Amino acid sequence: SIAGTFPHRLVSNAWLAARYGAPVLPHVRDTTWLAPDRVDRRTLMARFELDERPWVGFIGTARDHKGLGDLVAALASLREAPAPGLFLAGLDAAQPSAARLRERALSALGPERLRVVGPFPFTDLPSHVAAPDVVCIPSRDEPAARGQIPAKVFDAMAMGQPVVASRVNDLGRILDIGRIGEDQVK
């Protein structure tokens, strides 16, 4: 493989840097393309059938280490009207884990609080990132999550979207997430 002959290594986060002794090269995004002023959120809400409730979005591939089951459970526990909905974009129903996630979310949230969009072309990424009110990256503290930085965090930031993320891998540093003590949680 060509990777084995390349004399330099670059990695995407501190965990990989420590493991392989390589410098970190952060993900980069084209902020002229991923720009909030290039989309109309009202049009997107209509396109994806998002009502006026708050919508939490996950954009990407469903994998167990991404914490989507935890996200579904957290949203299911919120029942006060208007209870937030879940917008899953990029879910490939042909994947057994994605199909299970969809069924679990449908059972927990009901059809009124769930919108699922299948795989989409990369050129449609700005629309999918801009549609929900907040983008959530609920990674679990597992080896598969420690070794990656979801590019969607940079997509969401470029689009000016609020991001809620687990403090796993470098996400806390990237988003400058501080530790919240139990006395601060209400």
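Okay, residues lined up against (1) at pLDDT below 95; (2) touching a strand residue (DSSP E or B) at 6+ places or on another chain (Cβ under 8 Å); (3) buried (at least 18 other Cβ atoms within 10 Å of the Cβ):
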| site | (1), (2), (3) |
| --- | --- |
| Ala76 | no, no, no |
| Gly85 | no, yes, yes |
| Ala89 | no, yes, yes |
| Pro96 | yes, no, no |
| Leu109 | no, yes, yes |
| Glu112 | no, yes, no |
| Val117 | no, yes, yes |
| Pro121 | no, no, no |
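Among (1) farther than 22 Å from Ala151 by Cα; (2) in a helix (DSSP H, G or I), there is one condition Leu101 misses while meeting the rest; what is its number?
(1)
Give the range 131-152 a look and list any residue that's in a helix (DSSP H, G or I) and in contact with a helix residue (DSSP H, G or I) (Cβ under 6 Å, 6 or more places away or on another chain), or say none.
Ala144, Ala145, Arg146
For Arg9, indicate whether it is assigned to a loop (DSSP other than H, G, I, E, B), surrounded by 13 or more Cβ atoms within 10 Å (Cβ to Cβ) and touching a Phe, Trp or Tyr at 6+ places or on another chain (Cβ under 6 Å).
Yes; evaluated as a whole, the condition is true for this residue.
Quickly run through the range 53-64 and pick out the residues that are modelled with pLDDT under 95 and either more than 18 Å from the chain's Cα centre (by Cα) or open to solvent by 70 Å² or more (accessible area, probe 1.4 Å) (or both).
Passing the criteria: Arg63, Asp64.
Here is a yes/no grid of residues against (1) of a type outside the set (Phe, Trp, Tyr); (2) open to solvent by 60 Å² or more (accessible area, probe 1.4 Å); (3) within 28 Å of Gln95 (Cα to Cα); (4) in a loop (DSSP other than H, G, I, E, B):
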position: Thr32; (1), (2), (3), (4): yes, yes, no, yes
position: Asp37; (1), (2), (3), (4): yes, yes, no, no
position: Thr43; (1), (2), (3), (4): yes, yes, no, no
position: Ala73; (1), (2), (3), (4): yes, no, yes, no
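I need every pair where a residue in the range 24-45 that is closer than 18 Å to Asp133 by Cβ and without any contact (Cβ under 8 Å) to a residue 40 or more places away in the chain has its Cβ under 9 Å from the Cβ of a residue that is hydrophobic (A, V, I, L, M, F, W, C) and open to solvent by less than 70 Å² (accessible area, probe 1.4 Å), sequence separation at least 6 or different chains.
Asp40/Ala130
The values are calculated or read from the model by the stated rules, or taken from the named source; none is laboratory data. Note that the structure is a prediction, hence the values are computed from the model and not measured. Note that each Cβ is placed from the backbone with ideal geometry, even for glycine, and that neighbours are counted across all protein chains shown. Keep in mind that these areas ignore ligands, DNA and RNA; they rest on the heavy atoms of the full protein, side chains included. Shrake-Rupley method; radii C 1.70, N 1.55, O 1.52, S 1.80 Å.
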